[in-house]
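Asks: Here it is, the structure in full.
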Amino acid sequence: MPTQKNIASEIIENAISAATKDPRFMPLTVDELEDIEVNVDVLSEPKDCKVEDLDPKKFGVIVKTEDGRKGLLLPDLEGIDTVEKQLEIACSKAGIDHENDEFSVMKFSVKRYV
């Protein structure tokens, strides 16, 4: 869900965070700036759904446990062709055992700006 006062501020905050605060990657350096390509994905409001309502090419997913663990995965990612794989990765990002832990699923669509 948005955390900023408008979409422009939201995009700026998320771009800075992605470039400098993602623990999976080293922060972007000044020398890399001229080589980056920026794409913006604007997510629709998530809606509760059943697993059978999902389509990994069309919808992104958010998985969440009652204790607050949450993982999000965008739609139409290379190599993710099944709902099972999509849920497995989203759960992994949240530290959820997708085969044994109980979790709820929400879906969302994306408007992609390249």
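The values are calculated or read from the model by the stated rules, or taken from the named source; none is laboratory data. All values reported here derive from a predicted model rather than from experimental measurement. Cβ atoms come from the backbone with ideal geometry, glycine included; neighbour counts cover every protein chain shown.
Asks: Taking segment 15-60 only, how many residues are of a type in the set (A, V, I, L, M, F, W, C) and either touching a Phe, Trp or Tyr at 6+ places or on another chain (Cβ under 8 Å) or assigned to a loop (DSSP other than H, G, I, E, B) (or both)?
Replies: At the first step, the residues of segment 15-60 found to be of a type in the set (A, V, I, L, M, F, W, C) are 15-16, 18-19, 25-26, 28, 30, 33, 36, 38, 40, 42-43, 49, 51, 54, 59.
Subsequent filtering for residues that are either touching a Phe, Trp or Tyr at 6+ places or on another chain (Cβ under 8 Å) or assigned to a loop (DSSP other than H, G, I, E, B) (or both) retains 25-26, 28, 36, 38, 40, 42-43, 49, 54, 59.
Selection size over segment 15-60: 11.
Asks: Okay, moving on. Hey, G71 hits all of (1) in a loop (DSSP other than H, G, I, E, B); (2) surrounded by fewer than 21 Cβ atoms within 10 Å (Cβ to Cβ) but one; which does it fall short on?
Replies: With respect to (1) in a loop (DSSP other than H, G, I, E, B); (2) surrounded by fewer than 21 Cβ atoms within 10 Å (Cβ to Cβ), G71 is out only on (1).
Asks: When you scan segment 75-85, do you find a residue that is in a helix (DSSP H, G or I), hydrophobic (A, V, I, L, M, F, W, C) and out of contact with any Gly (no Cβ under 6 Å at 6 or more places or on another chain), even just one?
Replies: Going through segment 75-85, the residues in a helix (DSSP H, G or I) turn out to be 83-85.
Remaining after also requiring hydrophobic (A, V, I, L, M, F, W, C): 83.
Those left that are additionally out of contact with any Gly (no Cβ under 6 Å at 6 or more places or on another chain): 83.
Checked segment 75-85: at least one residue is in a helix (DSSP H, G or I), hydrophobic (A, V, I, L, M, F, W, C) and out of contact with any Gly (no Cβ under 6 Å at 6 or more places or on another chain).
Asks: Step by step: first the residues of segment 1-31, then only those that are of a type in the set (D, E, K, R), surrounded by fewer than 12 Cβ atoms within 10 Å (Cβ to Cβ) and modelled with pLDDT of 90 or more, then the one that is nearest to V63 (Cα to Cα). Which residue is that?
Replies: Taking segment 1-31 and keeping what is of a type in the set (D, E, K, R), we get 5, 10, 13, 21-22, 24, 31.
Retained after the next criterion (residues that are surrounded by fewer than 12 Cβ atoms within 10 Å (Cβ to Cβ)): 5, 21-22, 24, 31.
After this cut, where a residue has to be modelled with pLDDT of 90 or more as well, the list is 5, 21, 31.
Working: K5: 25, K21: 22, D31: 36 Å.
Selected residue: K21.
Yes or no, residue by residue, for (1) buried (at least 18 other Cβ atoms within 10 Å of the Cβ); (2) under 13 Å from the mean Cα position of the chain (by Cα):
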| site | (1), (2) |
| --- | --- |
| K58 | no, no |
| V63 | yes, yes |
| D76 | no, yes |
| T82 | no, no |
| Q86 | yes, yes |
| C91 | yes, yes |
| G95 | no, no |
